[in-house]
1. Apply the Karplus parameterisation 6.51 cos²θ - 1.76 cosθ + 1.60, with θ equal to phi minus 60°, to every residue of the range 27-34 and state each ³J(HN,Hα) to the nearest whole Hz, in sequence, with x for glycine and proline.
2. Assigning unit charges at the beta carbon (Lys, Arg +1; Asp, Glu -1) and nothing else, what dipole magnitude in debye, to the nearest 20, does the chain show about its Cα centre?
3. Over the chain, what is the relative contact order in percent, taking alpha-carbon pairs closer than 8 angstrom and at least six residues apart?
4. Evaluate the distance, in nm, between pseudo-label points positioned 7 Å from the Cα of GLU6 and of ILE54 along their respective Cα→Cβ axes.
5. Roughly how many nanometres apart are two label points built 7 Å out from the Cα toward the Cβ at ALA36 and GLU14?
Amino acid sequence: MVNTAERTLRSVFERSGVKDAHPHKFRHTLATETLAKGGTMEDVATILGISEAIAAKHYAKWSPARQERID
């Protein structure tokens, strides 16, 4: 399954024209988009396979709900 995913992503990246594309480049985008659409830090942690504390450390500033609470 991993090989299939890698081949699929390689094909998508080649067609996209994104220079030096690699799945890791899109982790930040995935996390911030998840938060922007109302996802929680728990959601981000689960999707990225990291702890909630690490997700908060790296992505808390990108959470609109969090920003509203502290403004």
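Values in this text are rule-based calculations from the coordinates and carry no lab data. Given the structure is predicted, the values throughout are model-derived calculations rather than measurements. When we count neighbours, we look across all protein chains shown, and the Cβ atoms used for this are built from the backbone with ideal geometry, even at glycine.
1. Coupling constants for the range 27-34: 4, 4, 4, 4, 5, 5, 5, 4 Hz.
2. 240 debye
3. That works out to 22 percent.
4. 2.1 nm
5. 3.0 nm
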